């Protein structure tokens, strides 16, 4: 029996660090980059977050569009959009 890492759920490794690509028409995130996985579309990642596959992240709705954000904490290094 294989021992899986703690951050492995339903065949997808949960991302500890998700980066927004700012690749939308107005700089919004139409896709995100996950280390070790590559670029993931916004719709796909929103769906995964809503299913609980990335528990350190949540979905926000801005002007009728859903986006992924990291859960609030005192660390800025894990924010989806770094400044």
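Filtering 29, 17 for residues that are touching a strand residue (DSSP E or B) at 6+ places or on another chain (Cβ under 6 Å) and either surrounded by 13 or more Cβ atoms within 10 Å (Cβ to Cβ) or at pLDDT below 75 (or both) leaves a single hit, 29. The set of residues in segment 44-68 that are in contact with a helix residue (DSSP H, G or I) (Cβ under 9 Å, 6 or more places away or on another chain) and under 16 Å from residue 23 (Cα atoms) comprises 65, 66, 67, 68.
The values are calculated or read from the model by the stated rules, or taken from the named source; none is laboratory data. Keep in mind it's a predicted model, so treat the numbers as computed, not measured. Every residue, glycine among them, receives a Cβ derived from its backbone with ideal geometry; neighbour counts consider all protein chains shown.
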